[in-house]
Amino acid sequence: MSLPEAPESSPAPLKPGGTYAACGLPYIPRAGEPGAKFPLTGEQADTVRMMAFRAPLAAEIALARAAAGLSRLAGAGGGTTMPGKLLWKLDPGAVDRLAARLPLGAALVSATNGKTTTSAMAARILAPVARLAHNRSGANLVSGVASALLAARGAELGLFEVDEAALPEVARRLRPRAVCLGNLFRDQLDRYGELELVAARWRTAVNGLPGETALIVNGDDPQVGDLAHGHAHATVFGLDDPRHASPTLQHAADSKWCVRCGTPYVYAAAYIGHLGDFRCPSCGHTRPHLDVVARAVELGGLERVSFELVVPEGSSRVELSVPGLYNVYNALAASALARSLGVGLEEIVAGLQGFSAAFGRFERIALGDRTLLVLLIKNPAGANEVVRTLVAGGPPRVLLIGLNDEIADGRDVSWIWDVDFEPLLGRLERLVATGERAAELALRFKYAGLPEEAIEVVPDLNAALDRGLELTPAGGELIALPTYTAMLSLRDLVSDRGFVRPYWEEAAA
């Protein structure tokens, strides 16, 4: 099958005050042109004041692509962000014009947790029916989207994972055909601020979408589900299986209070953090009607999860080769997004069942006679679900955890005190704590009740990996729980040792 075509756009004008082809998007004046302004926020803060003439788009593209090639040739990386940054500095409006070339438009995916996996699932579903421009490497700021557009020759449809804070800017520039919003959890407070601030920015972005844009939201998240209210083309997804829910919220749950009146929500079922079947006892605000639903969920330890996918057109059993309730949510989001783009139930199920883990997210890597299982953790909600899944599959005896405090991780690591690590301690014999904040992590486990002699602090990741593998018996599996930059460094280590290709090479394959 093929996707329905997006509405045709008009030719792009060549003078200030007009519009680009992308649904009437305003032209951005350059230096020396009437009305020229230089934004001072986000990546635009790095935009240089260029000469008063506009270079041809083809020349800008050629220069940025050449820069990407040089980056790879010099071994400085995969060119997943640098060409986009260069293009952004040369001409911020070039991103808009590149996106306008996509005949089927663009779809955006954003969430605090799961956006990489959701977009990878969606890509697996959509790849047979459209040539994609997709930021597979996870570079999800404006520069990463620009780099993906540059790299995708002949693409028909854009599929872009987008950082929560970058969503308003990317949506404004790309004028997307569909936007999928998965969840909002407390994450990197030093960068994003409180959830309500991000939710307010998302609401503004949603209100600014073209009227024909499809909006896909997680109805189990009070802040996110409420964005569907009043939107003409909204699809709401969620979970409906109280067997896997708690009747009360975890202590680290984030959105506990009604978005309308501030009264604490009452939950009939709480699935992950504050995600669930909620109702305000004061004003009556409740979970919206679900259009795309997961029922009859069956957990399969660390190997798999299955569920009944229910859409208005029918239902079908889905068998995922990744575990956990959060991957059910990711699959629901990808399914609802693909359906909004015209993909049928049969094709959606086939894509999901052919999906394998995105890098660093329940990724298994063979290291000689042992395996390494990498599970990204970055905030309390996500880490608690990882712990829950590990416990269900049999808690590990040896655990490697890497805690960094780089900008991409969040400078404030106090969130580790809101993670319920305690259920892991029943079988845990040895913890290898590594990373820039390994000492704080060791202290957290000491307070959890793990004996001091069972905790090893090995700040150097290379040495910590060797120690973890040494403690793992031949034929066994070492579980690693790294934060984001620790995950990238860990994967670089095993890549340098020849066990996997660099992630940017796998993304391009």
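Quick notes
- Selection count where residues are open to solvent by 30 Å² or more (accessible area, probe 1.4 Å) and touching a helix residue (DSSP H, G or I) at 6+ places or on another chain (Cβ under 8 Å), scope the stretch 351-366: 3
- Members of the stretch 367-424 that are open to solvent by 50 Å² or more (accessible area, probe 1.4 Å) and among the charged types (D, E, K, R): D369, R370, R388, R397, E406, R411, D412, E422
- Some residue of the stretch 152-168 being part of a loop (DSSP other than H, G, I, E, B), open to solvent by 40 Å² or more (accessible area, probe 1.4 Å) and not charged (D, E, K, R): yes
- Verdict on P459 being farther than 29 Å from D254 by Cβ, open to solvent by 70 Å² or more (accessible area, probe 1.4 Å) and modelled with pLDDT of 95 or more: yes
- Per-region count, the stretch 279-294, residues under 19 Å from A333 (Cα atoms) and out of contact with any Leu (no Cβ under 8 Å at 6 or more places or on another chain): 5
- Qualifying residue in the stretch 392-404 (condition: of a type outside the set (G, A, S) and within 20 Å of R186 (Cα to Cα)): yes
- Here L332 fits the description: surrounded by 16 or more Cβ atoms within 10 Å (Cβ to Cβ), in contact (Cβ under 8 Å) with a residue 24 or more places away in the chain and within 24 Å of I377 (Cα to Cα).
- Per-region count, the stretch 217-249, residues out of contact with any Gly (no Cβ under 9 Å at 6 or more places or on another chain), of a type in the set (A, V, I, L, M) and in a strand (DSSP E or B): 1
- Residues satisfying the stated conditions in the stretch 98-142, i.e. assigned to a helix (DSSP H, G or I), of a type outside the set (A, V, I, L, M, F, W, C) and crowded, with 24+ Cβ neighbours inside 10 Å: K115, T117, T118, S119
- Going through (1) surrounded by fewer than 19 Cβ atoms within 10 Å (Cβ to Cβ); (2) out of contact with any strand residue (DSSP E or B) (no Cβ under 7 Å at 6 or more places or on another chain); (3) in contact (Cβ under 8 Å) with a residue 24 or more places away in the chain one by one, H244 falls short only on (2).
The values are calculated or read from the model by the stated rules, or taken from the named source; none is laboratory data. Remember, predicted model here, so these are calculated numbers, not experimental data. Cβ sites come from the backbone with ideal geometry, for glycine too, and all protein chains shown count toward neighbours. With ligands, DNA and RNA removed, areas are computed over all heavy atoms of the protein, side chains included. Shrake-Rupley method; radii C 1.70, N 1.55, O 1.52, S 1.80 Å.
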